[in-house]
1. What share of all Cα pairs of chain C, in percent, falls into each consecutive 20 Å distance bin?
2. What's the Cα-based Rg to Rh of the stretch B:268-502, Rh via Kirkwood?
3. How much FRET efficiency would the formula 1/(1 + (r/R0)^6) give for B:Arg235 and B:Glu78, where r is the Cβ-Cβ distance and R0 is 30 Å, rounded to 0.05?
4. Between C:Ile66, C:Ile235, C:Ile226, which gets the highest mean-square fluctuation from a Gaussian network model of chain C, Cα cutoff 10 Å?
5. Name the residues whose placed amide hydrogens come within less than 5 Å of the amide hydrogen of B:Val376, ignoring near sequence neighbours (fewer than 5 apart) on the same chain.
6. On the first, second and third principal axes, largest extent first, how far apart are the outermost C-alpha atoms of chain D in Å?
7. Starting with the fewest neighbours, write out B:Trp419, C:Trp115, D:Trp298 ranked by other beta-carbon atoms found within 10 Å of each beta-carbon.
8. Can you tell which of B:Ile375, B:Met152, B:Ile309 lies farthest toward the positive end of the dipole of chain B, using +1 and -1 charges on the Cβ of basic and acidic side chains (Lys, Arg; Asp, Glu)?
Amino acid sequence: MTAQTARPAPPATTAPTSRERAGRLFQRHGALIVLCALLAAGTFAFDSFTTPANLGNIATASSFLAIIAIGMTFVIVSGGIDLSVGSLFALGGVLAAYGSRHGTLAALALPVAVCGLFGLVQGVIIARTRMAPFIVTLAGLLGARGLMLSLTDEGATTYLVEDEAFAAIGQGTLAGVGHPFLVMLVILAAAAVLLQRTGFGQNVYAIGGNEDAAALMGVPVTRIKIMVYLMSGLLAGLAGALNAARLSSGVTILGIGLELDVIAAVVIGGTLLTGGAGGLGGTIAGALLLGVIQNLINQIPGLSSSFQQVVSGVFLAAVVITHRILSGVRHGTT
Amino acid sequence: MPVTAPVLETDGVLKAFPGVTALDRVSFALGQGEVHALVGENGAGKSTLIKVLTGVYRPDAGQVRYRGEPVAFGSPLEAQRAGITTIYQEVNLVPQMSVARNLFLGREPRGRLGLIDFTAMRERASRVLHGYGIRSDVRRPLGSLGLGAQQMVALARAIEADAQVVIMDEPTSSLQPREVDRLFAAIADLKAQGRSVVYVSHRLEELYRVCDRVTVLRDGRRVHTGPLAELERLRLVSLMLGRDPDQVRTEGLTRFGGRRRPHAAPVLRAGGLRREHVLDGVSLAVRPGEIVGLGGLLGSGRSETAKAIAGALPLDSGRVEVDGEPVPAGSVDAAIRAGISLLPEDRKAEGIVPGLSVRENIVLAALPRLARAGIVSEADVDRVVAAFMRRLRIKAAGPGQRAGELSGGNQQKVLLARWLAMDPKVLLLDEPTRGIDVGAKAEVQALIDELAAGGLAVLLISSDLEELVEGSERVVVLRDGAVAGELSGPDVTEEKIMAAIAGENDD
Amino acid sequence: EPTAATPGSSGSQARQQVATPSGPAGAGCTIQRYGTAAFDLKTAVVGFSQSEKEANPFRIAETQSIKDEAARLGIANLKTTNAQSQFSKQISDVQQLIAQGAQLLVIAPLNSDGWEPVLQQAAARKVPIITIDRKINARHCSDYLTFIGSDFVEQGRRAADQMIKALGGRGKVAILLGAPGNNVTTERTQGFKEQIAAKAPDIEITFEQTGEFAREKGQQVTEQLIQSNPDIDGIYAENDEMALGAVTALKGAGKKPGDVKIVSIDGTRGAVQGIVDGWLYAVVESNPRFGALAFETAQKFLDGEAVPEKVVIADREYDAANAADSLGQAY
Amino acid sequence: MTETVPARGALDRARAVAWLQEYGVYAAVVALFAFNAVFTPHFLAADNFRTQLVQVAPIVIVSLGMALVIGTEGIDLSVGSVMALTASVVALYLGYGALPAIAMALLAGALVGAAGGALVAVVGVQPIVATLALLVGVRGLANVFLPQLREFTNPTLVALGSEAVAGVPIVVAVAAALVAAVAFLVRRTTFGRQLVAIGGNRAASRLSGLPVRRVLLAVYVLSGVLAAVAGVLATSRLQASDPTSLGLFMELSAITAVVVGGTPLSGGRVRVLGTVMGALLMQLLQATLIKHDLPQSWTQMAQAVIILAAVYAARERR
Ligand SMILES: Nc1ncnc2c1ncn2[C@@H]1O[C@H](COP(=O)(O)OP(=O)(O)OP(=O)(O)O)[C@@H](O)[C@H]1O
Ligand SMILES: Nc1ncnc2c1ncn2[C@@H]1O[C@H](COP(=O)(O)OP(=O)(O)OP(=O)(O)O)[C@@H](O)[C@H]1O
Ligand SMILES: [Mg+2]
Ligand SMILES: [Mg+2]
């Protein structure tokens, strides 16, 4: 009998083909690869592209999207989705500016608390009632924006950041790198550990992979889900606050449609909307990628505003198609 | 054997679902250190009882007691914390996650700063799994393992979490004989350590091998509890079926009729089926009216072979012919039109459409035939559905019940109906009786026999050697995706098949 | 400055306490005070940041006039960007223009607040900023050079005057608001209400709903309006598109021209035509042709002349009297 | 199966739940209607009903397509942009007369649908991403074709948007006809049944020989065409082609209507009438808040609440 007991697992799965390896590679680092390619292309095509100033701008500007995308990655890996982040981003900004009258702490605490609470409530509804995240957070999108408008009498009032220290968080730079980007890196580091090296992270993957199985395996599904949406709301609020600090005012017209950009970033980053797979590295690359694309499109002279949209649309399609074709082997088309 | 104070017991537990009372005031007691068999036909309520015991469902009435204390587990998690682990009927792990992560989910080994120590996790995982005969790389996604391998992982997971009570709902339904032996060894250990096991299975001989006592459920009611040894096999069956023993005796256990040796030209010819790493030039032929068995180990590629023939698995090379006509490769539709039907192995993922009614599930494939100009004729549908629900004795609240709510066995029957409605020339059955009770099993086997007698060519994949032997005129044995031998007539015996699988007869 | 009183800058007054310690608001700004090194417009890199897609008459005319004027003056190196109505993008756009070495920035801001990052970078390089059609709440002559545009509050007042005239000082009026959270909306509303309250207390504003500056929304809201308030006498639309939407709605409800008096702001050709046809009572112009004035001002500045904090452009008014013959000038 | 007495309680609860799942939306519509009848002046008037129906018609039509897509466990974010595209296409081809223009518009819708369908069915891109790309790109395209709003006076087109036959506005009539058609498609045709099965279990449908790709492709094309129809009607009502703002955020309204109407996003089920009711509910809500002159912020928060309530009532129990 030992003859078969010792039988190694069929090669199919142990020795991946070169195509599979390419797929796996692209799945993990596709966004990064494209990003590098574009940076190279940009450097080659436009001399005003790879200047420290320009790259610095891109980095700082992308940080906010990236921070939100980190939260979104947790949500999507858990098999959900969060459409409310755009509105929470705006709400967070307004609250931060408002709070800044009462000092730095208030400026940070208020938005994080309120948006966190918002995420929490959404999480509770999703986890307890098993309603579709898409629809719950769609309601959240409307609700949060409504709340933001009513706080600013229909968007007419723009609170300004009164607190220098707080403004500095958003505006200062360290070794030429904007604070927001640094904050983003810190959050990224923490989030990466949380997702990859803790039981919480494992549970998030498990739920996204097969919720019922996870439940039967003893994963505290409800609690994990709630926490995931809590995080997402919290980070969206924080990003809003940072942005308010940067703009030193609580602009009310921000974040419309932002959720779609964030989702795009996560997906370009190689995280599957079906849940259970993906990671943060790709997400960040995806966020930066969007920033770079926008910047490159601007570099192209005489491109009409409408055409710019067409180009970004085509580009998004191109990325996901390449993605799909290269990594298709892994989550079989058959 | 004397039963010590019950570890886990239910008292008059009642659980109703829309249209059916799954558990009707069932009282059940599991003794300390005993292996307790839970048997019954499909839909008898076994899985439901288990789900009540482990906090998946709350009973509508009645009480669950653990170590004498009334308990109401809110979730499997609570049950596990209390020391009750479960292997559910369908493999319930996370396919995308690695084998190791699945094995340790919830109790990952920690390293510095309480962070997960993956190296340690991998080592322990491969060590543990070796014990269960899984040699494959533990970093691979679980989903890339065959069903059987996955089931072994689930077993390992449940047993390793040193629990007081281990509940197994049809653990062997996708296991190979060798793996079954390992499982029983593990159960013996548990028992030796004074832990208790609830064991659900439709394979009677297994029950007699490991179980001390048995509880029989029928239509949600408890009809018998007692020591198993004293209960003769036919009596047990008659209890499950609610028929009297003599009737059962006359009818026998497996329902395969005598051997036929049809000589007509093969209706199905598959030649040189090849797919990198999975199939390595499998060839076989089936004559009309012939049942050809397909034997082999887990991952030997039997399902792959079947899928390839049915056009559901793209091939690197190879051809399939029906009545001498080549079937365009890689197209399920073409295969079906050529008269090939495949009853897939994984009922849950590839068979049933849980949200749709039994009715819709049965006619799913046949819809185009039941429609004129793309418009479905409800009358015809009703006719077909009624006919098959009667013929296969499908137990459901009605044609309108959601297929997802049916018990495993009845779901299998629904799928069989779906394919018979296509009146195919070639029927590929991948584990058709997996997870089906004796009654239904006999029915299904009889049905297969009848179909073959009716001139249908049948390819039968089964891990149940008894079934293979009794059912098939010829058996083709696969090893590592290639034909390792073919047995026919008198050579079709369990021993010879095992030998072929083991590769002891090739030099 | 009048706009300082807007709700929009309830904060910005507070801001002036912290931000602008001294310096008379209206005082002109010279290149010396601004600290910019003189350069030649023709050879300079000039950046223009448009806020919305060039997909409505106003934006099209605005961008066009900038481009035309630049071409006329032989400014070779004009870089233009479009923020597609996303404020964050506009910030990035302008920062990118600065990074590309823009020496003069002409900005059509999407929003008046939140320009800090741009202002800092521009100030660091002493790049003069001219904002057109909407102002930036910031320090004159250190943050930005000047604001060229209309006074939206004033536009609101003038619309109110027209409405008062149209209704003879009494009646029920509905407001079709612009997009929420937009300074233009805020200020045009405020001016209108102030004026009505002051001049014609008998005019009652019974209804205000947003039409988001879009024709379809204007139509839909008006359809609801004339259902629930059949007795409405006048409609004040905060831009022409909504007004024309309202007209379609009124037509659909079988009203005759003039049954409901409509006053709107912008002065697009369609609206002026509406006056000619008798559907609109009057239109207050908001002139998008900033090109000439913008570069003229820039040149003055480079020539060392003092440039005022704001150059309010004279907006005309169209009504039954002049509509027909001024149809040509409308954009 | 045995049905013993103690089971009754459970069963009754189950029935109540089932009823709520089935008719919750209808109840909500009735309730809101009643509220308005009492508290909203001039509500019970033929003109008012006409207004509401005319305004809801395009949303209903788009939602029909959305419902089909969602039935296959997909989603179509491109519908709003498709409406914009049709607006500009109509304007471009109006020179050849109304009918050719409309034909071209529908064709354009079909093409965008086909693009989305191909991405999803053939390439295997996830629906939300595939159609997201279209959402961005197609609106841009619409503006490239027609940079700015253009008015038209073509009598046929204007009539389409403003005339009525036998007191029923053409727009509403068209919507009603399409509802009937789609309902029939889902209930009675092979296509409809297969669509739902694919949404319910893709793998099983494949192994049962269903033409998965073809069905998916067809569904997205249908969604595109329906969006195009809505675009044409909205345009004809506006008497102007406005590619910039026509159909903005329509995808969200449509999805809301579908889901509020009781169609689960998880696919495997399509509720046509429910979808209509969902659209009607959101329309009535909007109207109520506008008629009572409540600010935008209220509207949005109220919508949020209604959506949650409706979906909660209709959610799948387990
Ligand atoms: N979630 C559910 N909803 C409705 N009915 C259900 C549900 N689960 C089980 N049932 C019904 O309850 C009865 C008992 O089902 P159960 O799965 O316990 O049977 P079983 O003994 O495990 O059958 P098998 O041997 O096939 O697994 C069956 O009639 C089944 O249709
Ligand atoms: N023990 C295992 N270790 C690793 N991979 C396995 C194992 N079992 C199955 N597989 C994977 O599954 C594929 C075929 O398994 P499959 O289940 O089809 O074989 P089978 O002969 O049908 O066995 P069964 O039907 O009893 O599961 C193999 O190619 C391999 O990729
Ligand atoms: Mg069971
Ligand atoms: Mg198999």
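1. All Cα pairs, binned at 20 Å, distribute as 32, 53, 15, 0 percent.
2. Result: Rg/Rh = 0.97.
3. Working from the Cβ atoms, E equals 0.20.
4. Top of the fluctuation ranking is C:Ile226.
5. Amide H neighbours of B:Val376: D:Thr189, D:Thr190.
6. 73, 56, 38
7. Details: B:Trp419 21, C:Trp115 27, D:Trp298 16.
Lowest count first: D:Trp298, B:Trp419, C:Trp115.
8. Most positive-ward Cα: B:Ile375.
All of the numbers you see were taken from the coordinates with simple rules; none came from a lab. It should be emphasised that the depicted structure is a prediction, and the values quoted were computed from it without experimental measurement. Backbone-built Cβ (ideal geometry, glycine too); neighbour counts: all protein chains shown.
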